[in-house]
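Below is one structure, written out as structure tokens; the observations come after it.
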Amino acid sequence: MAELAQIELTDMAHGGDAVGRYQGRAVFVPMAMPGERVTVALEPSTRSYLRGRLVGIERPSPHRIEPACPYFGRCGGCHWQFIDYAEQLRIKESIVRNALQRIGGIAEPPVAPMLGMQVPWRYRNHVQLRINRRGDVGYLAAGSHEIVPTAHCLIAHPLLETMWDAHRELGVPASEVILRAGIQTGERLAYLQARTQTRKATISPPEDCNVLLRTPGGRRQLLAGDPSLHERVENRTFRISADAFFQNNTLQAELLVRQARELLALQPGRSLLDAYCGGGLLGLSLVDESHTLYGIEWAGASLEDARINSAGRGTFWEGDVEHVLQRQHPHVDAIVLDPPRAGCTAAAVVALAACGASRILYVSCD
């Protein structure tokens with residue numbers, strides 16, 4: 001039987017678990033928040049820290065609310081619906097500050113307040129859903145391969161929900177489906193992973209929906225429309241291939257671009273390197289006709305999107321950032337980079353530093 005303990009939670013860790021201490025060891029507790037006193041079942045551990053499963057809340061935080069989603073707690077798609085949104089933003093600010101203090105060694109990091117959404121619902125333009133053998137669609141449960149069937153999702157844009165059962169409409173036995181939508185354009189795309197080989201002739205796609213199918217052997221079949229869709233950020237339209245990266249919150253992407261433009265303050269006639277450029281969202285949004293733009297992207301689909309979205313404005317190279325920079329040796333005035341979750345490699349940092357930029361704007365998703 002797991003040992004029960006009552007602990008005071010004092011902080012929120014990177015990753016989203018609340019943190020307290022028990023007998024000198026840190027305890028990480030999901031579904032809880034700082035300021036609460038909770039009872040947890042401690043999991044056995046040989047590490048310097050413990051994990052605790054929430055059993056009871058002896059003193060709840062005044063910021064604890066009833067989750068709006070009926071699937072919350074079982075579905076792994078969301079983590080903080082039990083925290084009011086203003087407090088979520090404050091906690092995120094605290095996580096950034098603590099990371100800069102603890103890891104970066106900066107005693108008083110100048111962390112600005114989080115810039116949140118007016119309405120933090122129905123914002124995602126992209127979801128990846130799993131499908132069980134019965135054809136039920138859902139997300140994976142937290143820390144599990146179990147599929148939690150969900151008839152709807154409060155953070156998915158309504159355009160995505162119109163495709164929720166696309167696999168049933170198509171008559172395709174599928175194991176997962178990626179749904180994407182252009183929030184500003186109204187375009188929709190469903191990308192299914194088939195469980196078995198499927199004859200194209202048997203399929204009747206939904207109306208006004210781009211549909212792609214990936215067979216068990218990895219071959220792609222275009223069933224309807226185009227293998228991509230378009231989204232508009234500010235006044236620029238971007239092509240997005242089915243499996244390419246794009247910011248999943250269109251409204252916040254616009255805010256991100258405006259903040260980046262203000263912070264980078266790129267003067268006329270200057271040059272910009274967009275490392276990890278994806279489809280070109282940041283780089284293309286930050287330059288005008290007077291600027292020189294370079295982009296680097298290793299994923300072929302995203303690179304092709306960037307070249308098409310640039311309409312001939314800019315030079316785009318394929319490959320890892322460090323290898324491309326070691327080969328091309330560009331000298332630029334400014335750099336913007338938005339790397340994958342793992343961040344920059346040490347070699348990429350050295351190569352970027354050699355570009356001579358007087359200003360670097362780093363966008364981090366983690």
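The values are calculated or read from the model by the stated rules, or taken from the named source; none is laboratory data. Computed from a predicted structure; not experimentally measured. We place every Cβ from the backbone using ideal geometry, glycine too, and count neighbours over all the protein chains shown. Keep in mind that these areas ignore ligands, DNA and RNA; they rest on the heavy atoms of the full protein, side chains included. Shrake-Rupley method; radii C 1.70, N 1.55, O 1.52, S 1.80 Å.
Below are the figures for this structure:
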read-out: For segment 45-56, 3J(HN,Hα) per residue [Karplus equation, 6.51 cos²θ - 1.76 cosθ + 1.60, θ = phi - 60°, Hz, x = Gly/Pro]; value: 7, 9, 7, 7, 10, 10, 10, x, 8, 5, 10, x
read-out: Where Met31, Met1, Met163, Met117 fall by accessible area, highest first, once all protein chains stay in place (1.4 Å); value: Met1, Met31, Met117, Met163
read-out: Residue order for His14, His167 - accessible surface, 1.4 angstrom probe, largest first; value: His14, His167
read-out: Vicinal HN-Hα couplings computed from phi for segment 11-17 (Karplus, 6.51 cos²θ - 1.76 cosθ + 1.60; Hz; Gly/Pro x); value: 7, 10, 8, 4, x, x, 8
read-out: Label point at Arg59 placed 7 Å out along Cα→Cβ; residues across segment 1-44 whose backbone nitrogen lies under 12 Å; value: 7-10, 35-38
read-out: Zero-based 10 Å bins, Cα pair distances in the chain, whole percents; value: 5, 20, 26, 26, 18, 5, 0
read-out: Cys277 long-range amide H proximity, modeled H, under 5 Å; value: Ile296, Glu297
read-out: Per residue accessible area of segment 147-187, 1.4 Å probe, in Å²; value: 34
read-out: Heavy-atom accessible area ranking, 1.4 Å probe, most first, across Val148, Val111; value: Val111, Val148
read-out: Rounded to whole Hz, the Karplus (6.51, -1.76, 1.60) HN-Hα couplings of segment 278-286, x for glycine and proline; value: x, x, x, 3, 6, x, 5, 7, 9
read-out: Carbon plus sulfur fraction of accessible area for the chain, probe 1.4 Å, in percent; value: 51
read-out: Amide proton proximity set for Val27, modelled H, under 5 Å, gap of 5+; value: Gly20, Arg21, Tyr22, Leu50
read-out: Theoretical ellipticity at 222 nm over the chain - DSSP helices of four or more residues, -39500 (n - 2.57) apiece, nearest 500; value: -6000 deg cm²/dmol
read-out: Ordering of 54-61, 206-213 by burial proxy (mean other Cβ atoms within 10 Å per residue, highest first); value: 206-213, 54-61
read-out: 4 °C / 1.567 mPa s Stokes-Einstein diffusion coefficient of segment 38-191, Kirkwood radius on C-alpha pairs, µm²/s; value: 70
